[in-house]
Amino acid sequence: MNNIDESLQLIFSNILGVNLNRITDEIKYNSFENWDSLRHLQIVAAIEEEYNIELSFEDITSLRTFKAAKEITKKYLKGQSL
Amino acid sequence: MNKVAFNDIGIGIDIENCDYFRRTRENYDKFNKIFTDFEKEYCLNMEEPYIHFCGRFAAKEAAIKALSSLGISNIPLNIIEIRNTQQGVPQMQINDSKYQNLSIKMSISHTKEQAVAIVIMLRVEK
């Protein structure tokens, strides 16, 4: 697991109020404990603040698993380094 | 009265805890993806802004559900706007011309801890 994965895991853990080890690739929006619409927006705001990026509406709606959160965030960070 | 097709009626209800909005006090710039500038100004002018932010958020979530029941999805929350009439009655509009065929009724209620909202939409030919 790299630094981005770990910091995202920490963001999810803090906002969803669950232990780090429960934040796995498979957890899903509107299914996993506490991951409701308001916390979803908090997660988006935290990712944007942490990495100084702004997610598109399409990416916000696609961010429905932790795995997707990692992929989407890395896509933006890759774009920044070009 | 014109006949209304049942499939053209959308309904949504939502309840929210206000705690997050209370904790985010004075950091409301985080809400750009949820509220319009008009809504932020309105809520910030109230004695307890967090209650009004929470009520409006519940209403927007109820609207998303009502839209979903009409087969409409992926609507950004910040194009759904709630403005009060001069009599203080909240009214909802969707700031996108694609949705001008929707007539919307809504109601919000809250305590200091929770807010609840219901939205009814009617798809009409214009």
Task: Estimated dipole of chain A in Debye, rounded to 20 [Cβ of Lys and Arg +1, of Asp and Glu -1, Cα centre] - done: 180 debye
- [ ] Could you go through the stretch B:70-87 in sequence order and give the Karplus-derived ³J(HN,Hα) for each residue, using 6.51 cos²θ - 1.76 cosθ + 1.60 with θ = phi - 60°, rounded to whole Hz, and x for Gly and Pro?
- [x] 9, x, 10, 10, 6, 9, x, 4, 7, 9, 8, 10, 10, 10, 8, 6, 4, 7
Open item on the list: Using a 7 Å offset from the Cα along the Cα-to-Cβ direction at both B:GLN91 and B:ILE15, what is the distance between the two label points in nm, to one decimal?
Closed with: 3.0 nm
Task: Karplus 3J(HN,Hα) series, Hz, for the stretch A:17-30 with 6.51 cos²θ - 1.76 cosθ + 1.60 (x for Gly, Pro) - done: x, 10, 5, 3, 5, 8, 8, 10, 3, 7, 4, 10, 4, 6
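What size of dipole, in debye to the nearest 20, comes out for chain B about its Cα centre when the only charges are +1 on Lys and Arg C-beta atoms and -1 on Asp and Glu C-beta atoms? All intermediate terms of the calculation are to be shown ahead of the outcome.
Values: 16 positive and 16 negative charges, 63 e Å.
In debye, rounded to 20, chain B gives about 300.
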- [ ] Rounded to the nearest 500, what is the 222 nm mean residue ellipticity of chain A from helices alone, with -39500 (n - 2.57) per DSSP H run of 4+ residues and division by all residues?
- [x] -19500 deg cm²/dmol
Open item on the list: List, by residue number, every residue in the stretch B:41-60 with a reduction of 10 Å² or greater in accessible area between the chain on its own and the complete protein assembly, 1.4 Å probe.
Closed with: B:PHE57
Open item on the list: Could you work out what % of the accessible surface of the stretch A:1-60 is carbon and sulfur, using a 1.4 angstrom probe and leaving DNA, RNA and ligands out of the count?
Closed with: 41 percent
TODO: If a/c stays under 1.5 just call it rounded; otherwise compare a/b with b/c (prolate if a/b is bigger, oblate if not). Do that for the stretch A:1-61, with a ≥ b ≥ c from the square roots of the Cα gyration tensor eigenvalues.
DONE: oblate
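What pairs in A:LYS74/B:LYS40; A:LYS28/A:LYS74; B:LYS33/B:LYS112; A:LYS28/B:LYS65; A:LYS70/B:LYS30 have C-alpha atoms more than 30 Å from each other?
As for pairs spanning more than 30 Å Cα to Cα, those are A:LYS74/B:LYS40.
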Open item on the list: List the Cys residues of the protein assembly as shown that have no partner Cys with a C-beta closer than 4.7 Å.
Closed with: B:CYS43
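The values are calculated or read from the model by the stated rules, or taken from the named source; none is laboratory data. The model shown is predicted, which means the values in this text are computed figures rather than measured ones. We place every Cβ from the backbone using ideal geometry, glycine too, and count neighbours over all the protein chains shown. Protein only, heavy atoms only, side chains kept; ligands, DNA and RNA dropped before computing areas. Shrake-Rupley method; radii C 1.70, N 1.55, O 1.52, S 1.80 Å.
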